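Contents: one structure, followed by commentary.
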Amino acid sequence: METTTQEPTTRTVPGPVKRTALNPTLRTESVVALGTFGALTVGAAVLGGRQSSADSLWYKRLRKPAFQPSPKVFAPVWTVLYGLIALSGWRVWTAPAGARRSRALALWGVQLGLNAAWSWLFFGRHQPRRALADNLALLGSIGAYVATTRNVDRPAAWMVAPYLAWVGFANVLNAEIVRRNA
């Protein structure tokens with residue numbers, strides 16, 4: 001006989017989420033999904049990281065604002081943010097299926113693509129203006145993801161709040177670089 005348990009949940013669906021206890025198929029599927037969200041996020045980070053170089057002559061010559069963080073800050077900050085992005089997407093994926101979850105997952109993919117594109121535009125193509133346009137779209141997609149995810153899984157929405165704040169700050173930096181180097 002299959003054992004089921006009723007677990008309290010932070011999900012916004014009515015009542016507790018019914019989970020099957022000790023079901024290896026669901027457990028394996030969840031681990032594979034977590035690995036997939038992690039791999040997609042690492043892929044975006046690697047694509048972006050291959051373009052990013054604070055040591056490039058082009059970047060060194062840019063006039064940057066005084067509030068520009070040290071290049072040493074970016075790697076640890078992005079490592080934490082990418083981890084939270086992957087976990088947030090996975091939590092949404094584990095939520096009950098529905099239109100809101102599907103929309104949140106689509107927005108998760110959009111923000112990840114825009115995230116990877118920014119480094120290519122800014123560092124790879126040396127186009128700070130286009131990178132700023134991408135970054136504004138990224139900020140909007142993260143905001144839409146948070147708003148949608150809040151109705152699917154509140155902790156998943158909160159996990160990307162630091163990312164939303166960091167990208168907001170990155171927009172200010174990017175805009176200031178565009179202004180100073182026009």
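Just so it is clear, none of the values below were taken in a lab; they were calculated from the coordinates. Keep in mind it's a predicted model, so treat the numbers as computed, not measured. Glycine gets a Cβ as well: all are built from the backbone with ideal geometry, and neighbour counts include every protein chain shown.
Per residue, the chain reaches -23500 deg cm²/dmol at 222 nm when only DSSP H runs of four or more residues are counted, each adding -39500 (n - 2.57). Each Lys or Arg adds one and each Asp or Glu takes one away; over the other residues whose Cβ falls under 11 Å from the Cβ of residue 120, this sums to +2. Phi-derived couplings, Karplus 6.51 cos²θ - 1.76 cosθ + 1.60 at θ = phi - 60°, listed residue by residue for region 155-160: x, 5, 5, 5, 4, 9 Hz, with x used for Gly and Pro. Simple spin-label estimate for residue 63 and residue 175 gives 1.9 nm between the two label positions (7 Å along the Cα-to-Cβ direction from each Cα).
Backbone geometry of region 58-68 corresponds, through the Karplus equation with coefficients 6.51, -1.76 and 1.60 at θ = phi - 60°, to 3J(HN,Hα) couplings of 4, 5, 4, 7, 5, 7, 10, x, 5, 8, 5 Hz, x marking Gly and Pro. Binning the C-alpha pair distances of region 109-171 at 10 Å intervals from 0 yields a P(r) profile of 24, 50, 20, 5 %, listed from the shortest bin outward.
What percent does the relative contact order of the chain come to when contacts are Cα pairs within less than 8 Å and at least six residues apart? Write out the running numbers ahead of the final one.
Details: 203 pairs, mean separation 49.3, N = 182.
Answer for the chain is 27 percent.
The HN-Hα couplings worked out from phi for region 113-123 by the Karplus form 6.51 cos²θ - 1.76 cosθ + 1.60 (θ = phi - 60°) are x, 5, 4, 5, 5, 4, 4, 4, 5, 6, 7 Hz, whole numbers, x standing for Gly and Pro. Taking every Cα-Cα distance in region 64-159 and sorting them into 5 Å bins from zero, the calculated P(r) comes out as 2, 13, 20, 21, 18, 12, 8, 4, 1, 0 percent. For the chain, the mean projected area of the C-alpha convex hull, equal to one quarter of the hull surface, is 11.2 nm².
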